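Before any comments, here is the structure.
Bear in mind these aren't lab numbers, they're just calculated from the coordinates by the rules spelled out. The model shown is predicted, which means the values in this text are computed figures rather than measured ones. Every residue, glycine as well, gets a Cβ built from its backbone with ideal geometry; the counts of neighbours run over all protein chains shown.
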Amino acid sequence: MSTESRFRALVLPHLDAAYNLARWLARDPHDAEDVVQDACVRALKYLDAVRGADAKPWFLTIVRRAFYDWYRSNRSPEIVRDDGLAIDSAVDESAIDPAQAAERRGNSDALEDAVGNLPLVYREVLLLREMEELSYKEIAHIVDIPIGTVMSRLARARALLQRSPFLRAIVAERAGGRP
Amino acid sequence: MNCHEAAPLISAFADGEIDRVQSRDIKTHLEGCPDCGKKHRDILDLRSRLRAEVPYFTAPPALRARIGDLPRTTPTRSADRVERGRWRWLLSGALAGCAATVLAWIVGTSVLTWRANEDFVAQAVQAHVRAALNNHLIEVASSDQHTVKPWLSARLDYSPPVPDLSRDGFTLTGARLEYLAGRSVATLVYRYRDHTIDVFVRPESSGAPPSAPRTVRGFNAAHATGSGMSWLAVSDLNPEALAGFVGRIARGPDQ
């Protein structure tokens, strides 16, 4: 099979998944396009290393790497590291004014905001699981962590989301007081 | 099963990632325990909300069109290889230049490299022990090098050779990935009689000389370089046999 037909068969079917992942990681449509474009160029290079059944996790691995490379050269590196302190401060409630955010965006977008504000290490596993419905094993390969870590990060991601200030503000508003 | 045991598993249970036996225990517990049952329902509820309320962004048509044209507009693979080759030349040129001029620098770096290797050996032994304890020695089980090699190269930015040493009594049983010293490392798993041998294969970068077999926490580690890779074998096999094995494996197929 020629490079072009392999690219069509293995990469293009997963372009939406790639864009969605990049879009949620980078949180900007233009940056996401850059990341996907870069990932596709990389995927072209290593096309003959992949088999059909593995194409999606393989391609998403490349997209994720392309994102982190882009991220390192464009944003401050502190948050990339999986550092408990950095993560806790990243979800520090005092850093966000949830009521204001909720008012600005409207209730229906609260969950979207909550997901977007998860620290990267939790956001990526949550997206791969809940939006791409990948198995722990596939996620472990993509994120390059042991399966046990996938399990604990997902549990933590959900816990963070459930007590996210963005969602709590809505719950509080609906209940007419504190949750 | 009590709440303490069930709590950390609820999230994985909701993902259908718990084995059948444990699933039954968790299910029984969730039915009987209102607190844990609610936690489980909350996760399912969160899932349906995520799928209903959070947008799935699809690739814009312009991007799709641009990507579709990529195979025609991007240079071919052979051009990339040349470029990577050039990089390697540049790197080794820089190393050689420094080596010739700054002796002290070499001594300094060799100490650092030695330390880094030391550190890598310790990490590799740890990885070996961890994998054996968790019964997670193998992610791709195959005695066929033509299955293992593509599995590894699909997941790494290098493609390690997977030698067949069955004639010497070392059978390939599979491979897995380990995360060591800040990067993913191909780990080949061989069997020799009752011994399991992990072989950590990295692209050779420092050209450090093979060190004598060492013992770390009762496990033996032997290192060799060859076929463009750095090979570190970790096992409870005796040091001489292990050193012989790693030397053979690094030399690659018989000429």
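Observations, loosely collected:
- From largest to smallest, the equivalent ellipsoid semi-axes obtained for the range B:3-53 from the alpha-carbon gyration tensor read 20, 13, 8 Å.
- Sequence of B:Arg155, B:Arg191 once ranked by neighbouring C-beta atoms within 10 Å, starting from the fewest: B:Arg191, B:Arg155
- What separates the Cα centres of the range B:142-161 and the range A:41-68 is a distance of 15 Å.
- Histogram of C-alpha separations across the range A:3-75, 10 Å bin width, %: 22, 55, 21, 2
- Per residue of A:37-49, other chain Cβ atoms within 10 Å of the residue Cβ number 5 on average.
- Ratio of Rg to Rh for the range B:113-251: 0.91 [Cα atoms; Kirkwood radius as inverse mean 1/r over pairs].
- Positive-end residue, the range A:3-75 charge dipole about Cα centroid, Cβ charges, pick of A:Leu60, A:Asn20, A:Cys40: A:Leu60
- Shielding value for B:148-161 is 3, the average number of Cβ atoms from other chains within 10 Å of each residue's Cβ.
- With a 10 Å cut-off around each Cβ of B:7-17, the average count of Cβ atoms from other chains is 5.
- Residue order, fewest to most surrounding Cβ atoms within 10 angstrom, among B:Arg88, A:Arg158, B:Arg214: B:Arg88, B:Arg214, A:Arg158
- Charge context of B:Ala52, other residues only, Cβ under 12 angstrom, K/R +1, D/E -1: -1
- Estimated at 0.36 nm per residue, the fully extended path between B:Leu90 and B:Ser48 surpasses their Cα-Cα distance by 9.8 nm.
- Remark: spin-label model distance B:Thr215-B:Asp69 equals 6.6 nm, labels positioned 7 Å along the Cα→Cβ axis.
- Order of B:Thr196, A:Thr61 under a 10 Å beta carbon neighbour criterion, fewest first: B:Thr196, A:Thr61
- Dipole magnitude (debye, nearest 20) for the range B:113-251, charges at Cβ of Lys, Arg, Asp, Glu: 60
- Based on Cα contacts under 8 Å between residues 6+ apart, the range B:113-251 shows a relative contact order of 19 percent.
- Peptide ranges B:60-66, B:18-24, A:17-23, A:31-37 listed from the most packed, as the mean C-beta count within 10 angstrom indicates: A:17-23, A:31-37, B:60-66, B:18-24
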